[in-house]
Amino acid sequence: MRVTLKLDPLFRSKIDAEGPITLELPDGATVADCLAAMAARWPDLEPMLAAPAVPYSLFVNSRIVPRGRRASFPLKDGDTLYLFEPVAGG
C-alpha cells in the first residue's frame with residue numbers, strides 16, 4: 001500500500017526529498033510500522049521519531065494518533081500521515 005507523508009520543515013530538513021513524499025508499506029501496516037520504515041529510509045529522522053523528549057504531533061488523515069496507539073493504529077492504501085511539531089501561541 002502507498003501512504004503519503006506530510007512533514008513540517010523540521011522533519012523535512014532531515015530527509016533528501018523534493019515534492020510529495022510517498023512510502024510503500026505492506027498491507028496491514030500500522031503507524032508504528034510506518035515510523036520504523038521512515039527511520040530505516042531516512043536515518044537522520046530516527047532520533048527524532050524515537051525520542052520521547054522530542055514533541056511532535058501525528059495525524060492520519062484528520063485523526064490524531066496518540067503515542068500509545070501507534071502500534072495498533074492501522075493504515076490503509078491512500079492514507080496521509082501528517083507529522084509536525086506542535087505550535088503554541090497567543
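Considering segment 47-66, and only residues there that are β-branched (Val, Ile, Thr) and assigned to a loop (DSSP other than H, G, I, E, B), the residue that is nearest to Thr4 (Cα to Cα) turns out to be Val65.
Does Leu35 meet the test of being touching a residue at least 12 places away in the same chain (Cβ under 8 Å), of a type in the set (A, V, I, L, M, F, W, C) and either loosely packed, with under 14 Cβ neighbours inside 10 Å or touching a His at 6+ places or on another chain (Cβ under 7 Å) (or both)? Considered against the rule, which asks whether it is touching a residue at least 12 places away in the same chain (Cβ under 8 Å), of a type in the set (A, V, I, L, M, F, W, C) and either loosely packed, with under 14 Cβ neighbours inside 10 Å or touching a His at 6+ places or on another chain (Cβ under 7 Å) (or both), Leu35 comes out as no. A count restricted to segment 70-79 and to residues that are at pLDDT 95 or above and of a type in the set (Lys, Arg) stands at 1.
Yes/no per residue for (1) of a type in the set (A, V, I, L, M); (2) modelled with pLDDT of 90 or more; (3) part of a loop (DSSP other than H, G, I, E, B):
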| site | (1), (2), (3) |
| --- | --- |
| Asp16 | no, no, yes |
| Gly19 | no, no, yes |
| Thr22 | no, yes, no |
| Pro26 | no, yes, yes |
| Asp33 | no, yes, no |
| Leu45 | yes, no, no |
| Gly68 | no, no, no |
| Leu81 | yes, yes, no |
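Kindly establish whether Phe84 is surrounded by 10 or more Cβ atoms within 10 Å (Cβ to Cβ), within 12 Å of the chain's Cα centre (by Cα) and among the aromatic types (Phe, Trp, Tyr). The answer is yes for Phe84.
Surrounded by 14 or more Cβ atoms within 10 Å (Cβ to Cβ), under 21 Å from Val87 (Cβ atoms), of a type in the set (Val, Ile, Thr) and modelled with pLDDT under 95, is that true of Val54? Considered against the rule, which asks whether it is surrounded by 14 or more Cβ atoms within 10 Å (Cβ to Cβ), under 21 Å from Val87 (Cβ atoms), of a type in the set (Val, Ile, Thr) and modelled with pLDDT under 95, Val54 comes out as no.
Residue by residue, here is whether (1) exposed (fewer than 15 other Cβ atoms within 10 Å of the Cβ); (2) within 18 Å of Arg70 (Cα to Cα) holds:
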site	(1), (2)
Lys14	no, no
Pro20	yes, no
Thr30	no, yes
Trp42	no, no
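The set of residues in segment 4-29 being within 12 Å of the chain's Cα centre (by Cα) and closer than 22 Å to Pro86 by Cα consists of Thr4, Leu5, Lys6, Leu7, Asp8, Phe11, Arg12, Ile21.
The values are calculated or read from the model by the stated rules, or taken from the named source; none is laboratory data. Keep in mind that this is a model prediction, so the values were computed, not measured. Neighbour counts run over all protein chains shown; Cβ positions are idealised from the backbone, glycine included.
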